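The values are calculated or read from the model by the stated rules, or taken from the named source; none is laboratory data. The structure presented is a predicted model; accordingly, all values stated were derived computationally and were not measured. Because the Cβ atoms are built from the backbone with ideal geometry, glycine has one as well, and the counts that use them run over all protein chains shown. We work out accessible area using only protein heavy atoms, side chains counted, and drop any ligands, DNA or RNA first. Shrake-Rupley method; radii C 1.70, N 1.55, O 1.52, S 1.80 Å.
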Amino acid sequence: MKGLPVLSLLLGLCFFYFVGIYLFVGGFLLVRLEVNRTSSCGDVLQPGEEPVDFCRVQPRFRRAVLLIIDALKIDFARFDPNNTAPRPYENKLPVLEETASSRPSHSRLYPFRADPPTTTMQRIKGFTTGSLPTFVDVGNNFASSAILEDNLIHQFGQVGKRVVFMGDDTWESLFPKKFYRSLPFPSFNVKDLHTVDNGILQHLYTTMTSGDWDVLVAHFLGVDHCGHRFGPDHPAMADKLTQMNGVIRSVIDRLQNDTLLVVMGDHGMTDNGDHGGESQKETDAAIFLYSPAPLFAGPPSQNELDVVPQTDLVPTLALLLGVPIPYSSVGQVLLPLFPPHGQKEGTVEGLSQLEALWINAKQVNRFLETYSGMAKDIPPESLSRLKEEFNRLSSEYLTTVRFGRSPSPELAASLQAYLTSVRDTCRATWARFNPVKMAAGLAILAFACVLCFILSEFSIDLLRETGPGLKVPVIMALTAGGCVAVGQLLTQGYIEVAWSLAAVALTSQLLFLWTWARCLTARYLLIPPVVIPLLRCASLLSDSYVIAEGRVVTFLMFSLALYIPIHLNWDGLLLPPIHDPLKSAGLLPSPGLSPSTVRKESSTLLACIGLLVGSLYLSLSFHGCREEQGFCQPSPFLSPLSRLQDSQLKNLHYVLSIFSLGLWTYLLRRCLRHYGNLNSSGGTVFTARWILPLLSMCLGLHWAVSATPEDSFRNLAELISLAQLALPRAAFCLLGLGLVLIWLDPLTVFVKTRAATSTRGSSLSPPRYRASTGISPQAELHHLIPQIYQRMRRSLNDGEMSRVSEVDSRPAVEAYGLGTVYSAPLLLFCGLLGIGLLLLHPEGMALSFLLLLLEMGALLHIQASSTTLSGLHGTDSGGFYVPWTPIVMWSFAATQFFHATGHLPTFPSIQWGAAFVGFPDGHTGTILPASLVTLNTFASHILFAVSCPLLLFWPLVCEVRGSRGGRACGEEGEDAVMEMRLRENPKQFSSALLQLSTRYLFIHGAQVFASVCAAAILRRHLMVWKVFAPKLMFEASGFLVSSLSLLIGVTLVLRVDIAVGHWFKRIIPDTSR
């Protein structure tokens, strides 16, 4: 078998796709240009003839306390006295409403709206810098890096204010060495509800009374972690909110008149407790402002703010505390906290509304001028309009101040409108695109899809090409890439790797297409199994399709499942042929089948289609819900057992999960035992006998321990904590050991020798049953590959004709499991990997994984039965090529079970809890948790890609005697030799494996190309960052994972092929196979 050319061609294709994705994403998801300048006390001045140090003016407040309650959504903060049966998250913070009602001049409660992405790191950046995030910033939540832009923490330090921080350790990485004193606590373990909060409470009150601070920041995480672990509708959330109510009340009691209290949430949460997206439940947090001294000019008016944008907190705090507004802030001051112009005397002091607006507008205009000089992405007409508006307002305001005139009522409104206009313009233009990179990425991806399709249709011809046809494009491509790199170095002084890779990819693609494109015609694409995925790709331009993709892909699977028997029946292959007297008379050739065989295969086909349809229907019960899906209710199986409060329901879910896990293990072992693959003593068999059940046992015990409430067994708390750590880690170790053993020793062949009792050429009688081997009589009769044994015996006797007397004493070799030598290790590898991936999912997903296994088995048997029916009727081509239909269904199944395991192409649907399986105390780095979350998210892609070669093997595993030759059933000499046919035809084996792999890559690559086109064409669409950009990210990530997993599966097949070759050389030393 030509393993190296197959791998080389697949690696080349993957390289093209990777470069195309890298280029397009680099042009589509650019980070906003950061202005690394800082404000100072002398550059934002109140109007006057003499320069005044802004920071030396007496501020409105000398101190501030910021209590950040992570994920404090506005629904948690509201209080409804008429609600007699509140849910666990309702009416648990009465102190906010009580204070706002009893002291309206001292306090206010507002909705606090965050800009997406609603992840903690980006929100901290937003309400300290006042800048707007970009879409790609969500990827930085795992690796928080120091904020380089001007921010409130830096400004506080510049004027000598002592900032004391305690809580979420994300702040320490964002603001290194910026705090006067800091008490960070680990934040990444979402299962820990109390460590951070209790750590804060140990120091909060003593710090407040000590007076050794000016700004106190306390970031509580318990509410957010409770949402992630249990959801908001859980008694634990009621306890945590009640605790926060007591904290707020105690802090209010300790405040002094010169101190401002800000209680705020950084983001909200969905009904499942997740966040990260842009739904209103995720963006609407709460903000509560309070001071013992009068804070507002009067009670709330009719013109009171409906919602406070999160960026508006930055200029407001800066002016209230007497520090310059951070340079890059585009926020707008909250006017209710400043007195109207001319009414400062009496209740409040400090800047008036008009003065605050003027300082704010001057700072924003300065930033706009600086930014427009550095980056040219703001439209010139918008920039000109904003400059003219500021000049007009500046002239009007300065004239009013210099001549002591009373300002017009419209001036403040005009300044507000200007600030709003600047923010809206920045928000609209900070999605910067690089059209050249995007176009290059699109071109490379388009050519990659064409090349992939050519490889799939002409695989056998390409594998014969060993001359310059494949080497010349590679050499010229590397030369082109080197020339581009040298040119960049000479002209720019540095090398941009993206363009060098683009030169390599485009050059090799064009040269290859120049040679092979003429062979491709449209007829190859105009077949139903290819048209359906292409139509699906076209539909990715519709946001409605993307939103409902899970159900649409399930419908397409239904349609293709029905297409198979209809197509077979149309070709007359589904039913036994009608009796023809001419065939009986010998005037026409007899078919190589019997009616009973055809009926059996047809019945198997229809039964498997029924199993497939049933699995598809049941899998719909495990889908999650998007915000756009209205009244959709997420599957109850998506919730971990620890969230369930009903003990009977919890026990039922646990029993179903254990049953599914046990049935998964049983079916795998039953299949291997049926084909005689559990009789040898190799590493793969050891894995199937011992590691597989031990791994299932660890998983079941881990579920039981994880579902145990923390306060159930207080005496065993340490033992339970140890089990939560040890069981999943033991499972990881067993999984790794099993996969390594399969890779190192993949053969499952059991060899027996006995004295030969017949002469050369005589038939080999079936061996008698021996209980010591553990092999059933049926397995011995049907899976001993008699023809192979005859050939092996003859091979052993070759060259011994001169010693006929010694023939009877030479051993005859019998090998059990040889017929499934390729599929058995691959099947076990995937089964073991599936249990490992299940470990990273909620317990209820065990049922979904079982349906995945049943769907895999149904698809494999459908492919085998349809191939057998075609072969029995003499319509099979005689090769091992897999048609498009099963490959398309296999690739659709990966997408379908992506949704059936509770995932969605949205960031809030990411199951972050997978990062803590086996690591309840969190991680020191980011690579491991990111890898665990990736494995959880793309589990279905991994399983279907690794197991893809089974589509090639399974028709041989289920081979019927006489189905692959021209001889009639029952004639002498034609036996079902199963997968050994691949060894007899290594060239066809290589080309069939290459064709299968490239067809699978083509379907997934076409989906990536369609997502890229949708994002490029609709980049200014209203739903681009809500629907199309996340879809692109998930589709591209899924392709990367699928392609790497497919390479692992193909490499495992090649590893088995090498092991089989070595085995044959040991058995038959003089024969080269």
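Working only within segment 976-1003, note down all residues that are outside any helix (DSSP H, G or I) and out of contact with any Leu (no Cβ under 6 Å at 6 or more places or on another chain).
Across segment 976-1003, the qualifying residues are 976, 977, 985.
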Inset, instruction - State whether one or more residues within segment 181-201 are modelled with pLDDT of 90 or more, part of a loop (DSSP other than H, G, I, E, B), out of contact with any helix residue (DSSP H, G or I) (no Cβ under 8 Å at 6 or more places or on another chain) and not assigned by the TED database to the domain that holds residue 907. - result: no
Legend entry - Among (1) open to solvent by 10 Å² or more (accessible area, probe 1.4 Å); (2) over 24 Å from residue 366 (Cα atoms), the one test that residue 285 misses: (1)
Inset, instruction - Can you confirm whether segment 663-679 contains a residue that is open to solvent by 20 Å² or more (accessible area, probe 1.4 Å) and small (Gly, Ala, Ser)? - result: no
Inset, instruction - Name the single residue, out of those in segment 443-455 being within 15 Å of residue 997 (Cα to Cα) and not small (Gly, Ala, Ser), that is surrounded by the fewest Cβ atoms within 10 Å (Cβ to Cβ). - result: 450
Legend entry - Which listed residue, of 104, 111, is surrounded by fewer than 24 Cβ atoms within 10 Å (Cβ to Cβ) and over 21 Å from residue 274 (Cβ atoms): 104
Inset, instruction - Find all pairs meeting these conditions: Cβ atoms under 8 angstrom apart; at least six residues apart or on different chains; first residue within segment 610-623 and in the same structural domain as residue 896 (by the TED database) and free of Cβ contacts under 8 Å to residues at least 24 places away in the same chain; second residue in a helix (DSSP H, G or I) and of a type outside the set (Val, Ile, Thr). - result: 621/637
Inset, instruction - Scan segment 49-70 for residues that are modelled with pLDDT of 90 or more, open to solvent by less than 50 Å² (accessible area, probe 1.4 Å) and assigned to a loop (DSSP other than H, G, I, E, B) and report the count. - result: 2
Inset, instruction - Go over the candidates 692, 663, 678 one by one and state the one that is more than 25 Å from residue 903 (Cα to Cα), touching a residue at least 24 places away in the same chain (Cβ under 8 Å), of a type in the set (A, V, I, L, M, F, W, C) and in a helix (DSSP H, G or I). - result: 692
Inset, instruction - Could you check how many residues of segment 388-409 are open to solvent by less than 80 Å² (accessible area, probe 1.4 Å) and either in contact with a Pro (Cβ under 9 Å, 6 or more places away or on another chain) or within 13 Å of residue 422 (Cβ to Cβ) (or both)? - result: 8
Legend entry - Only listed residue being surrounded by fewer than 23 Cβ atoms within 10 Å (Cβ to Cβ) and touching a residue at least 40 places away in the same chain (Cβ under 8 Å), chosen from 210, 291, 279: 279
Inset, instruction - Mind checking which helices (runs of 4 or more DSSP H) fall wholly inside segment 778-873 and carry at least 1 residues that are at pLDDT below 50 and touching a helix residue (DSSP H, G or I) at 6+ places or on another chain (Cβ under 9 Å)? - result: 786-797
Inset, instruction - Among the residues of segment 139-153, write down those that are surrounded by fewer than 21 Cβ atoms within 10 Å (Cβ to Cβ) and either within 20 Å of residue 426 (Cα to Cα) or at pLDDT 85 or above (or both). - result: 148, 149
Legend entry - When residues of segment 410-442 are limited to those that are open to solvent by less than 60 Å² (accessible area, probe 1.4 Å) and assigned to a loop (DSSP other than H, G, I, E, B), the one farthest from residue 23 (Cα to Cα): 430
Inset, instruction - Answer yes or no as to whether residue 1001 is surrounded by 22 or more Cβ atoms within 10 Å (Cβ to Cβ) and either at pLDDT below 95 or in the same structural domain as residue 21 (by the TED database) (or both). - result: no
Inset, instruction - Considering (1) crowded, with 16+ Cβ neighbours inside 10 Å; (2) of a type in the set (Gly, Ala, Ser); (3) in contact with a Leu (Cβ under 8 Å, 6 or more places away or on another chain), say which one residue 328 fails and leave the rest. - result: (3)
Legend entry - Verdict on residue 551 being out of contact with any Ser or Thr (no Cβ under 7 Å at 6 or more places or on another chain), over 30 Å from residue 869 (Cα atoms), modelled with pLDDT of 85 or more and assigned to a helix (DSSP H, G or I): yes
